[in-house]
Amino acid sequence: MINIPKGTKDVLPQDSYKWRFVENAARETAKIFNVKEIRTPTFEHTEVFLRGIGETTDVVNKEMYTFTDKGDRSITLKPEGTAGVARAFVENGLSNSALPLKTYYITSCFRYERPQAGRLREFHQFGVEFFGSYSAETDAEVIILAKTFLEKLGLTDYVLNINSIGCKECRKEYHAALKEYLKKNFDALCKNCKERFEKNPLRVLDCKEEECKLIAAGAPSILDYLCDDCKAHFEKVKKLLTAAGVKFNVNDKIVRGLDYYTKTVFEFTTDCIGAQSTVLGGGRYDGLIEELGGGKMPGIGFAAGIERLLLLTEATGVKIPDDEKVQIYVAPIGETAAFKCFEIVNDLRANGIIAETDHLGRGIKSQFKYADKIGAKYVAVMGEDELNKGEIKVKSMADGNETFVKVENLLNFIKG
RNA sequence: GCGGGUGUAGCUCAGUUGGUUAGAGCGCGAGAUUGUGGUCCUUGAGGUCGUGGGUUCGAUUCCCAUCUCCCGCCCCA
């Protein structure tokens, strides 16, 4: 037997309706916010992610599916959605379109990691990217969109954390202050954080080690170092969210692991699905388009992990509506009747009825069993008698009532 | 990349202190006076007991290795 690659999952026919439920909620939310779908390739030139996500990040350093193709090009399966969309934005000259340009996608992403609860090597994201607006209204709208989406799914067990990590300018000052502070506590830091000190001191704030948490608690806050513009921006985002009735915590310890983020960052987290608690995360990236060779162009977006959302619906008992059931199973008895039933079923389907009939030449009894299993609302039996009279005997599976219906009236009978 | 756990039927799991044909429930198939489902009953199919070595007269059971899946670290959605 050949088995599935590590860290991947089959979505089986009996479960796929749950995925469609999430995807439909995503598309409906996008529609209301006038967000248009964008589809970019599953793989890109590795360069896109090196430049976009940042060469020092863990995602780029140790988690990418990178290979050389037969034309000697370095290709990488997308580990996230934003960089590819940004590349498409630049390449297609979308800065000349009506701005802001609001896009979304539902896509597979790939990261070479050890699988665990809520973490797979191929996973799926619903993501949103807005381009062309610096305004706080845009930040607030993106966050409200995210919340609307989660609400549409019926989710409630989550909290929203927001922070501002400043622009290039104020982050520089903060970095210096943070390093100054960390230097004083350097010996108490965990092994990992000692390395982070040089490469990415911000990440120390995010460390889960007890000693580091203590040190992080006393660290200077980025919020005290924001420049006037960043500060005003963040204040306005908070004000807009509050006015919109969005509950949030300001958490100056949240840091995102992708280099492109600036100013507003946010995470919707839950404690219901294990250690991988972020179900949706994102932020502003005002330097990304330039990094990929475009002009000066702000952007902001988020991505939600579909598998994690599905885990959360399950963990919190969200009721996902059942998949569509077969409306009528047409059961023939004998060859001649089977021919007629095939015709009847075709006709019902042509009229939009979910209809099914025998494929295996089964007896009437097992046809009923089958019809029951697939959840058929009605079973219509056609044998010699019915064939001769031009009728069909329709049984309601819920109450067992049987009615003789003229074949030409069957469609109307089913409809109501 | 590092740690802990796990691996017996499609699924959930028993079991063998090493000994002839390896079990249950669920599911699946067939039947219960041959034109009627969901309950009950009868019956059937389905496992090289994760894989490869080793110990042994004999291993699914003991030992070693390896892989898988699960959980955690790291990181992120």
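The values are calculated or read from the model by the stated rules, or taken from the named source; none is laboratory data. Because the structure is a prediction, the values reported are computed rather than measured. Virtual Cβ from ideal backbone geometry, glycine too; neighbours counted across all protein chains shown.
Structure notes:
- Among residues of the stretch A:1-21 that are under 24 Å from residue A:304 (Cβ atoms), those with a beta-carbon under 8 Å from a residue that is modelled with pLDDT under 90 and loosely packed, with under 13 Cβ neighbours inside 10 Å at least six positions away or on a different chain give the pairs A:10/A:4.
- Residues located in the stretch A:102-156, provided they are in a loop (DSSP other than H, G, I, E, B) and away from RNA strand B (no atom under 13 Å from the Cβ): A:132, A:133, A:134, A:135, A:153, A:154, A:156
- Filtered residue count, the stretch A:1-11, keeping only those that are more than 9 Å from RNA strand B (Cβ to nearest atom) and modelled with pLDDT of 90 or more: 2
- Whichever residue in the stretch A:198-239 is modelled with pLDDT of 85 or more and part of a loop (DSSP other than H, G, I, E, B) and, among such residues, is farthest from residue A:173 (Cα to Cα): A:218
Every residue, every condition in (1) within 32 Å of the chain's Cα centre (by Cα); (2) under 27 Å from residue A:14 (Cα atoms); (3) at pLDDT 95 or above, yes or no:
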position: A:280; (1), (2), (3): yes, yes, yes
position: A:293; (1), (2), (3): yes, no, yes
position: A:306; (1), (2), (3): yes, yes, yes
position: A:320; (1), (2), (3): yes, yes, no
position: A:354; (1), (2), (3): yes, yes, yes
position: A:369; (1), (2), (3): no, yes, no
position: A:372; (1), (2), (3): no, yes, no
position: A:375; (1), (2), (3): yes, yes, no
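- Qualifying residue in the stretch A:59-70 (condition: of a type in the set (A, V, I, L, M, F, W, C), crowded, with 17+ Cβ neighbours inside 10 Å and either in a helix (DSSP H, G or I) or out of contact with any Pro (no Cβ under 8 Å at 6 or more places or on another chain) (or both)): yes
- Selected residue (criterion: surrounded by the fewest Cβ atoms within 10 Å (Cβ to Cβ)) from residues of the stretch A:266-292 that are over 15 Å from residue A:128 (Cβ atoms) and hydrophobic (A, V, I, L, M, F, W, C): A:275
- Candidates A:195, A:209, filtered to the one that is of a type in the set (Asp, Glu) and more than 22 Å from residue A:259 (Cα to Cα): A:209
- Number of residues in the stretch A:156-185 that are of a type in the set (A, V, I, L, M) and buried (at least 21 other Cβ atoms within 10 Å of the Cβ): the value is 4.
- The stretch A:298-416 holds strands (runs of 3 or more DSSP E) entirely within its bounds, and those carrying 1 or more residues that are under 30 Å from residue A:90 (Cα atoms) and within 14 Å of RNA strand B (Cβ to nearest atom) map to A:299-305.
- Candidate set from the stretch A:30-55 (those that are among the polar types (S, T, N, Q) and surrounded by 12 or more Cβ atoms within 10 Å (Cβ to Cβ)); member that is farthest from residue A:199 (Cα to Cα): A:40
- Against the conditions (1) at pLDDT 95 or above; (2) surrounded by fewer than 21 Cβ atoms within 10 Å (Cβ to Cβ); (3) small (Gly, Ala, Ser); (4) closer than 22 Å to residue A:407 by Cα, residue A:363 satisfies every one except (1).
- Scan of the stretch A:230-286 for residues that are within 16 Å of RNA strand B (Cβ to nearest atom) and under 12 Å from residue A:166 (Cβ atoms), ordered by number: A:252, A:255, A:261, A:262, A:263, A:264, A:265, A:283, A:284
- Qualifying residue in the stretch A:170-186 (condition: in contact (Cβ under 8 Å) with a residue 40 or more places away in the chain and under 26 Å from residue A:98 (Cβ atoms)): no
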